[in-house]
Amino acid sequence: MAPRFRLALAATMANTMLFSPSCFSQQNDPPKVDLPEVGYRAEVRSAVSAPGAQLSATNESSSVSLKLSSTPKTTLARDVNKPGFATWSIWSVTAEAPLEKGEKRHDLLHQDGWGNSTSVGFNYVRFLTPQPPKNQVESEKYCRLGQAARFDVEKKKLAANATEVHLNQLRKQIEADGCPVDNIRKYAPHLLDAVRAAGGYPRAGGFLLGVSGALEFQNIKFYTPDTLTEKKENHRPWSLAVTGGWNPERIEKLFLLFRAEHKRSYEADDEVTRCPVGGTDPTVICVTGSFAPPKLTKNNVISFESRYLFKKIAIAAIVSRNLGKDVTTVDLPVYLIGNDKVPLNGGVRLGWDSKDKDLKAGVFVGVPFAFF
């Protein structure tokens with residue numbers, strides 16, 4: 001085995017001498033950074049997800065969500081000879097509304113304005129990937145090794161009676177193509193990490209920073225306790241949140257997210273049924289609803305999310321803690337179909353909270369589309 005190994009190594013090293021050291025300067029531009037695919041595997045209402053429209057329903061509640069996103073903007077480090085960061089950033093606008101039980105349609109936006117309880121907001125996400133400085137000597141070395149590996153593969157595809165003329169044509173073609181990363185990945189995948197580091201390419205993985213906010217258009221109905229007269233109040237609760245994330249370089253299919261949110265909302269009292277007393281009319285009309293004005297509540301919510309992308313499914317575990325109400329919520333969506341490149345995006349979900357202690361089950365399904 002040892003003599004064969006030495007002969008193979010000698011042949012590979014010999015092939016590298018057939019390519020000019022300047023070949024690396026002819027390579028394609030370094031690939032632009034992008035949000036990892038696992039970042040898109042999330043519900044539309046998430047701050048880090050693909051755009052689109054989505055319907056979510058559980059055995060207790062339902063909602064519809066909409067997200068429109070700008071074209072992602074990517075940048076590379078200004079000086080390829082110094083360490084820096086490549087970035088990916090995107091702006092999004094969102095809309096979400098709950099669907100009441102028995103409701104056949106709900107307008108997010110109609111001629112009179114936003115629909116009741118519709119929330120509109122914005123998201124800004126910036127993903128940063130480390131970009132090492134370029135090493136010209138190492139780049140040329142790995143370029144020659146990658147081209148030699150391609151030559152060995154392509155040579156075996158030629159006819160057995162291939163002449164030196166054919167081999168020279170193959171060498172010229174390989175040298176003219178340069179050293180694009182796709183060729184390294186195809187012909188010499190074991191060199192990919194070294195090529196990216198030496199060439200000053202953005203590395204795998206990275207860090208995410210995001211900010212989001214929302215404004216809700218809330219019309220709350222209640223009744224006076226003495227006369228049972230119906231009243232309405234219009235409120236505009238809002239929320240602000242920051243998001244941080246990490247995609248490990250060695251585990252590209254894993255995404256860890258942390259979110260801190262401040263929410264101001266108006267909550268109606270629990271519904272009860274009351275009937276008027278007194279009077280001479282034998283028919284009594286009772287009223288079911290809230291019998292006090294809504295109360296303003298201020299809450300801080302922190303959440304931790306862990307996503308992992310398998311071959312055909314993605315799983316996310318989300319644990320949230322409402323610090324004002326001392327309530328812990330656990331959510332487990334399983335994404336069975338779709339990402340940002342296929343027609344559907346949906347799956348099933350399980351949920352639990354420490355207040356009701358009931359297990360909730362549901363589904364979500366939607367369609368992705370682009371703003372431009």
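The values are calculated or read from the model by the stated rules, or taken from the named source; none is laboratory data. Here the structure is a predicted model, which means the values were calculated and not measured. Heads up, the Cβs are rebuilt from the backbone with ideal geometry, glycines too, and the neighbour counts pull from every protein chain shown. What goes into the accessible areas is simple: the full protein's heavy atoms, side chains included, and nothing from ligands, DNA or RNA. Shrake-Rupley method; radii C 1.70, N 1.55, O 1.52, S 1.80 Å.
Give, as residue ranges, the strands (runs of 3 or more DSSP E) completely inside the range 206-295 that count at least 1 residues that are within 34 Å of the chain's Cα centre (by Cα). Step through it out loud before you land on a result.
Working: elements: 206-223, 230-235, 238-247, 254-267, 272-274, 287-289.
Once the strands (runs of 3 or more DSSP E) in the range 206-295 are filtered for at least 1 residues that are within 34 Å of the chain's Cα centre (by Cα), what remains is 206-223, 230-235, 238-247, 254-267.
Mind listing whichever residues of the range 164-180 are β-branched (Val, Ile, Thr) and open to solvent by less than 60 Å² (accessible area, probe 1.4 Å)? Working first, answer last.
First pass over the range 164-180, keeping only residues β-branched (Val, Ile, Thr): 165, 174.
Within the range 164-180, ILE174 is the sole residue that qualifies.
Please work out which one of (1) surrounded by fewer than 18 Cβ atoms within 10 Å (Cβ to Cβ); (2) over 30 Å from GLN147 (Cβ atoms) is the condition GLY245 fails and give its number.
Tallying (1) surrounded by fewer than 18 Cβ atoms within 10 Å (Cβ to Cβ); (2) over 30 Å from GLN147 (Cβ atoms), GLY245 fails exactly one: (1).
Could you give me the residue pairs with C-beta distances under 7 Å whose first residue belongs to the range 313-324 and is under 14 Å from ASP353 (Cβ atoms), whose second residue is among the small types (Gly, Ala, Ser) wherever it lies, and which are 6+ apart or on separate chains?
From the range 313-324, the pairs are ILE318/SER303; VAL319/SER303; SER320/SER303.
Across the range 266-292, which residue is surrounded by the most Cβ atoms within 10 Å (Cβ to Cβ) among those that are over 30 Å from PRO237 (Cβ atoms), of a type outside the set (Ser, Thr, Tyr) and at pLDDT below 80? Reasoning before the result, please.
Within the range 266-292, the subset over 30 Å from PRO237 (Cβ atoms) is 275-286.
So of that shortlist, the ones also of a type outside the set (Ser, Thr, Tyr) come out as 275-279, 281-282, 284-286.
If we keep only those that are at pLDDT below 80 as well, we get 276-279, 281-282, 284-285.
Details: PRO276: 13, VAL277: 6, GLY278: 5, GLY279: 8, ASP281: 8, PRO282: 5, VAL284: 9, ILE285: 8.
Looking at residues that are over 30 Å from PRO237 (Cβ atoms), of a type outside the set (Ser, Thr, Tyr) and at pLDDT below 80, I get PRO276.
Mind counting the residues in the range 97-125 that are modelled with pLDDT under 90 and either part of a loop (DSSP other than H, G, I, E, B) or open to solvent by 40 Å² or more (accessible area, probe 1.4 Å) (or both)?
19
Determine whether the range 85-96 contains at least one residue that is part of a strand (DSSP E or B), surrounded by fewer than 18 Cβ atoms within 10 Å (Cβ to Cβ) and modelled with pLDDT under 80.
Checked against the condition, which is being part of a strand (DSSP E or B), surrounded by fewer than 18 Cβ atoms within 10 Å (Cβ to Cβ) and modelled with pLDDT under 80, the range 85-96 yields no hits at all.
Go through the range 159-174 and give me each residue that's under 50 Å from the mean Cα position of the chain (by Cα), part of a helix (DSSP H, G or I) and free of Cβ contacts under 8 Å to residues at least 60 places away in the same chain.
The answer is HIS166, LEU167, ASN168, GLN169, LEU170, LYS172, GLN173.
Could you grab the pairs with beta carbons closer than 7 Å, sequence gap of 6+ or different chains, first residue in the range 72-96 and within 20 Å of SER46 (Cβ to Cβ) and among the β-branched types (Val, Ile, Thr), second one part of a loop (DSSP other than H, G, I, E, B) and open to solvent by less than 50 Å² (accessible area, probe 1.4 Å)?
Cβ pairs passing all conditions: ILE90/SER70.
Of all residues in the range 131-158, count the ones that are buried (at least 17 other Cβ atoms within 10 Å of the Cβ) and not in a helix (DSSP H, G or I).
Number of matching residues: 3.
In this structure, does PRO333 turn out to be under 21 Å from ALA57 (Cβ atoms), of a type outside the set (S, T, N, Q) and at pLDDT below 80? Break it down stepwise before answering.
On the way: under 21 Å from ALA57 (Cβ atoms): yes; of a type outside the set (S, T, N, Q): yes; at pLDDT below 80: no.
For PRO333, the condition - under 21 Å from ALA57 (Cβ atoms), of a type outside the set (S, T, N, Q) and at pLDDT below 80 - is not met.
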